Structures are given as structure tokens and as C-alpha cells.
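Remarks on the structure that follows.
The values are calculated or read from the model by the stated rules, or taken from the named source; none is laboratory data. Given the structure is predicted, the values throughout are model-derived calculations rather than measurements. Cβ coordinates were reconstructed from backbone atoms using ideal geometry, including for glycine residues, and neighbour counts include every protein chain displayed. All accessible areas refer to the heavy atoms of the entire protein, side chains included, with ligands and DNA or RNA removed. Shrake-Rupley method; radii C 1.70, N 1.55, O 1.52, S 1.80 Å.
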Amino acid sequence: MRTLLRRSRRAFFALMGSAALALAGAVALPGTAHAANILSNPGFESGGLSPWSCTGNLGSVVSSPVHSGSKALAGAASSSDNAQCSQTVPVQPNTAYTLSGWVRGSYVYLGVNGGASTWTTSPSAYSQLSVSFTTGASQTSATVYVHGWYAQGTYYADDISLDGPGGGGGSDTQPPTAPTNLTSTGKTSSSVSLSWSAATDNVGVTAYDIYSGSSQVLSVSGTTATVSGLSPSTSYTFTVKARDAAGNVSAASNAVTVTTNAGSGGGNGFKQAAPYLYLGWGDPPSATSVMSATGIKWYTMAFMLDSGGCNPAWDGNRPLTGGTDQTVINQIRSAGGDVVPSFGGWQGSKLGANCSSATALAGALQKVIDAYGLKAIDMDIENTDEFENEAVQAKILTALKTVKANNPGLRTIVTFGTSTTGPTYYGNRLIEQAQSLNANIDVFTIMPFDFGGGSDMYGNTVGAAEGLKAKLKSTFGWDDATAYSHIGISGMNGLSDQQENTTPAIWTQIRDWANAHHIARLAFWSVNRDRPCAGGGVVSNCSGISQNNWQFTSITAGFTG
């Protein structure tokens with residue numbers, strides 16, 4: 001803290017007429033189809049779907065049952081999606097082609113978009129389907145498909161062949177431009193909706209492939225898509241690539257990261273009401289008595305510093321274990337609560353600044369994690385030695401990335417100062433470095449006080465939080481809900497060092513705003529000061545205003561996120 005105080009169901013088109021493809025050959029007779037399969041991955045032997053794409057993320061590659069080889073396609077048709085899997089290939093105009101494939105299941109269709117199709121009823125073993133068509137006079141691509149039927153269960157397909165000459169003679173080698181402005185337009189606990197701006201191509205874009213990480217999950221013809229089958233309360237990063245009829249693929253779009261909503265069981269979203277408690281200062285109260293009086297469950301324990309040689313100690317001089325701090329933590333846990341240690345603060349010898357490398361800092365953090373079996377850690381990054389030092393910022397973020405990878409389930413929090421309208425230069429830089437380093441920070445907590453905010457502490461706190469939300473959206477590509485779910489607010493109860501006054505009524509407003517926007521964390525500095533002393537000024541063991549004992553803690557306990 002600063003200063004000592006501040007530390008959709010798709011329309012069925014399989015039976016469409018073939019007029020668009022089987023044009024009368026008045027100008028020229030159809031060309032002769034050479035017997036060559038021009039489809040890629042026709043038997044799914046690659047073990048993956050690409051370049052096939054399936055609606056609703058309902059296609060998969062299976063090892064049984066197969067027609068030949070060791071793999072086949074399975075399409076899990078549902079009541080709202082026929083699990084169509086398709087592939088677009090370049091073809092020659094005015095040319096005859098034969099499409100065939102082996103299928104198994106109830107009502108399985110094989111066809112070409114806008115043209116001929118065929119189907120079979122309910123074979124209990126693989127059955128071959130075949131259909132012929134002729135391309136139009138100017139047609140250069142064709143999309144072939146296989147699909148099941150609504151609510152008829154899983155179908156299987158294997159050894160699909162499109163016999164005929166390849167299109168274009170290999171002359172089109174220019175890929176489309178990358179799609180732009182990828183954004184999330186909505187989400188549920190199991191799906192994410194996306195939209196983007198169209199790509200351009202010298203011949204024409206025929207499809208957009210959606211990727212989750214490095215895996216292709218969907219392909220569509222338009223500039224919107226909904227990826228389904230996702231897990232609740234899980235972060236996914238999406239990109240989109242454009243594809244033309246010749247199979248040329250663009251570079252990836254910008255990435256957008258979205259965290260799905262919690263499921264009906266609550267998911268594993270991180271929510272924490274955790275005011276600061278400082279055992280080395282300010283007449284510290286009984287932690288368990290405050291818990292009993294207010295209902296608070298978490299405390300942010302201040303501060304973990306460097307005792308020399310990159311060795312962590314409470315306040316830099318109290319032992320990591322075996323002292324007063326461990327006794328209090330044990331009492332808190334016995335009473336059903338838990339703690340998140342805060343590393344750093346405004347002053348003292350800080351691990352982030354003094355450890356020689358990110359590896360050394362990660363080792364120091366790991367000592368504390370191991371000592372207390374922690375679920376979360378808070379890095380309070382302040383002053384010129386850490387916050388206003390970009391190299392130290394990077395060291396801290398890299399160390400957090402390391403310990404998070406080494407401790408599955410650990411939540412990482414960074415806490416830093418702000419302006420009334422959002423992050424300052426160094427706050428923006430911290431967020432940008434977190435994205436660049438892929439640090440996967442769970443919560444970015446701002447401290448909206450001591451910023452010369454004047455009398456409107458509610459309005460300025462909301463303004464600062466909204467500014468942080470905008471920065472997170474622009475940096476990570478998150479939607480509003482995802483950005484809010486990565487925000488924390490750590491206020492200062494009563495009078496701040498700059499005589500800003502956050503009253504219990506104002507803190508209640510802030511708490512209610514935090515709940516309404518489902519942010520991740522609510523804290524304040526500090527429980528030591530959560531006692532009345534009207535006219536008492538800015539001191540360590542009371543708020544300087546008229547209030548009830550532990551009133552701010554009680555309000556904070558009502559934070560649910």
C-alpha cells in the first residue's frame with residue numbers, strides 16, 4: 001500500500017435441386033473427369049478433421065467402427081444440429097465429377113452444396129453412397145458434405161472420394177488476407193459466439209476456419225460463428241483464418257480470449273472478499289473475532305518482504321513459519337477462513353526488486369506457497385522500485401507465470417495504483433507485459449485512492465474500474481463480462497493519505513457495483529483501521545471518521561462477485 005497507511009439449427013439443404021451445378025452444356029460439353037480423388041484426408045487417417053469442418057463442433061475422428069484403415073469420422077447429430085462435415089476443393093468449370101463415400105447410421109446424407117445429394121436410411125453396417133454432378137460454366141470450387149439427421153444419433157463416414165480433375169491447375173497460390181476485428185459477441189457456460197471482419201482474396205474467400213489455440217474447431221462460410229461444447233469457467237483463446245477455393249490459407253486474425261460462464265454448479269470462477277490485515281502495525285485486532293462479527297472469510301495478509309538474499313519473511317523480519325503470523329493463519333483456517341499473502345507494498349525491501357532473476361523470485365514465492373499450501377498470492381506492485389520499473393515488472397510477471405504453471409489451481413493477483421479514469425502509463429505497461437509474456441494473471445486489482453480523486457470516491461472508483469476494463473478488453477481481446485471477471489478493487493476505508501473520504505455508505509455503493517458487474521475481488525486497506533475515530537486524522541488503527549467497529553469489513557463480506 002502507498003505510504004505506511006496505504007500499503008442454430010441449420011436449414012436442411014441436402015435435397016436442393018442440382019440446377020446450380022448441373023448447367024446445360026449448351027456452350028461446351030462437360031470435360032472428362034480423370035479418376036483421381038481430389039479430397040484431402042478422405043479416410044481421416046491423419047487422426048484429425050482438417051481440412052474437414054463440422055457444424056456445432058460435433059465431428060470427431062474415431063478408431064471404431066471403420067470401413068478401412070484405422071480411422072473414421074463420427075458426427076454426433078443432435079436435436080438441433082445434423083452434424084454436417086464439409087470440405088471445399090478447387091474444381092474445373094463445366095466438368096463431370098463423382099462423389100462417393102461409405103456411411104453407417106440412421107439417415108446419412110452425402111452431397112455437394114447447391115447441387116446433387118443422396119442418402120441412406122439406417123444401415124447397421126457401412127454402405128456406399130455415390131452421386132454424380134457437373135460443375136457450372138464458371139465454377140471453380142465445390143463444397144462436398146456428409147451429415148446425419150436431427151435427433152437420429154451419431155453417424156459414421158469413411159473413405160470419401162471426389163473423383164475428377166483438380167481445379168485451377170495450381171495457378172492460384174495467393175492466400176486471402178487475414179480476417180480482422182475478431183471479437184466475442186456473447187457466451188454461455190458451454191459456448192462462445194464470435195464475429196470478425198471479412199478477408200479479401202484475389203479469387204474469393206470460400207470459408208473461415210476457427211481455431212481454439214492450435215486446434216481447428218469449426219469452419220463457416222460467413223463472418224460469425226458459435227463454438228459450442230466448451231467447459232464452464234474456462235478460458236479459451238480463439239483465432240480465425242480465411243481459406244480460398246484453392247486451399248490457400250491466410251494468416252491468423254487477432255486473438256480473442258474468453259472465459260466461459262460458470263455452470264449451474266457454480267463452476268470454478270475466482271471470487272474473493274479479502275480486506276488487508278497487517279500483523280506488524282496498527283494495533284492488529286483478533287482475526288477470528290472480526291470473522292465472527294462480520295462473516296468475512298478471507299484476509300489479504302500484509303506484507304511478505306525480503307529478509308536478505310531473496311528469502312521471504314513477514315515484514316522482512318518476522319519468520320516465514322513458526323511465528324505470530326503462522327499462529328494467526330492457523331486460527332483463521334480453523335475458523336473456516338483462508339488467507340492470501342501480499343508480497344510487496346509501498347516500502348521495505350521487496351522480493352520483486354531484490355531477487356536477482358525471475359527464477360530466483362519464483363523460488364522465493366514457492367517457499368511461501370509451500371509453507372502455507374496457498375490457493376492464491378497477491379503481488380502489491382508499487383513505487384519506483386517495482387511498479388515504475390519495467391524490467392522488474394517483467395521479472396514479477398514471469399515469476400508469477402512460473403509458479404502458476406508449477407502449482408495447478410493457484411490464482412495470481414497483481415495490485416497497483418490507478419488514475420480516476422483507469423490505469424496510468426505504468427499500469428498500462430504492466431497489463432501489456434502480462435499479455436506479451438502470457439502470464440495468465442487471474443486478477444488485476446486497482447487501488448482507487450490517493451489519486452487526488454476529490455470528494456466523489458464512488459464515481460472515481462467506478463471510473464477507474466471502467467478504465468481498467470477497457471484496457472483489459474483492448475489488450476487481451478476479452479468481452480465485457482470476461483474483463484470484469486479479471487478485475488479487483490482495493491479501496492481505503494475512511495480518510496486516505498490525501499484526505500479523500502470513503503464512507504461506509506460509499507463503500508456499500510462500491511460493493512454493490514462490484515457485485516452487479518461480477519468482478520473478481522474486493523479488498524480495502526485495512527482491517528486494522530476499520531474502527532471509528534471521528535476527527536482522528538489518518539492513523540494506523542482507526543479510519544479517521546465516524547463508523548461502527550468492523551463496518552467496512554461487514555460490507556465487504558457481502559461481496560459475492
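Checking each residue in segment 174-201 for being in a loop (DSSP other than H, G, I, E, B) and either modelled with pLDDT of 80 or more or open to solvent by less than 10 Å² (accessible area, probe 1.4 Å) (or both) picks out Gln174, Pro175, Pro176, Thr177, Ala178, Pro179, Ala198, Ala199, Thr200, Asp201. Only one entry of Ile446, Ile431 meets the criterion of being in a strand (DSSP E or B), of a type in the set (A, V, I, L, M, F, W, C) and on the phi < 0 side of the Ramachandran plot, and that entry is Ile446. For a quick check of your reading of the model, give me the residue pairs whose first member lies in segment 335-355 and is more than 17 Å from Met301 (Cβ to Cβ), whose second is part of a loop (DSSP other than H, G, I, E, B), with beta-carbon atoms closer than 6 Å and at least 6 apart or on different chains. Pairs found: Ser349/Gly316; Cys355/Cys310. Quick check on my filter: what residues within segment 343-363 are in contact with an Asp or Glu (Cβ under 9 Å, 6 or more places away or on another chain), among the aliphatic types (A, V, I, L, M) and surrounded by 24 or more Cβ atoms within 10 Å (Cβ to Cβ)? Within segment 343-363, just Leu351 meets the criteria.
Listed by position, the strands (runs of 3 or more DSSP E) inside segment 244-333 whose residues that are open to solvent by less than 60 Å² (accessible area, probe 1.4 Å) and in contact with a Lys or Arg (Cβ under 9 Å, 6 or more places away or on another chain) number at least 2 are 256-259, 276-278, 298-306. Scan segment 393-417 and report the pairs whose first residue is on the phi < 0 side of the Ramachandran plot and of a type in the set (Lys, Arg) and whose second residue is open to solvent by less than 30 Å² (accessible area, probe 1.4 Å) and assigned to a helix (DSSP H, G or I), with Cβ atoms within less than 8 Å and a gap of 6+ or a chain change. So the pair list comes out as Lys395/Gly352; Lys395/Ala358; Lys395/Leu361. Among residues of segment 421-448 that are over 21 Å from Leu410 (Cα atoms) and among the aromatic types (Phe, Trp, Tyr), those with a beta-carbon under 6 Å from a residue that is part of a loop (DSSP other than H, G, I, E, B) and open to solvent by 70 Å² or more (accessible area, probe 1.4 Å) at least six positions away or on a different chain give the pairs Tyr426/Glu388. Summed over segment 423-454, residues that are within 18 Å of Phe524 (Cβ to Cβ) and among the small types (Gly, Ala, Ser) total 1.
Taking the condition small (Gly, Ala, Ser), under 26 Å from Ala360 (Cα atoms) and in contact with an Asp or Glu (Cβ under 7 Å, 6 or more places away or on another chain), does Gly316 pass? Here the answer is yes, as Gly316 does meet what is asked. For segment 378-410, a tally of residues being surrounded by fewer than 20 Cβ atoms within 10 Å (Cβ to Cβ) and either aliphatic (A, V, I, L, M) or assigned to a strand (DSSP E or B) (or both) returns 4.
Considering the conditions (1) outside any strand (DSSP E or B); (2) open to solvent by less than 20 Å² (accessible area, probe 1.4 Å); (3) among the polar types (S, T, N, Q), Ser219 is excluded by exactly one of them, (1). Hey, could you check segment 497-538 for residues that are surrounded by fewer than 18 Cβ atoms within 10 Å (Cβ to Cβ) and of a type in the set (Asp, Glu) and say which is farthest from the chain's Cα centre (by Cα)? Checking each candidate, the answer is Asp497. Scan segment 539-561 for residues that are assigned to a helix (DSSP H, G or I), open to solvent by less than 40 Å² (accessible area, probe 1.4 Å) and over 22 Å from Gly459 (Cβ atoms) and the total you get is 2.
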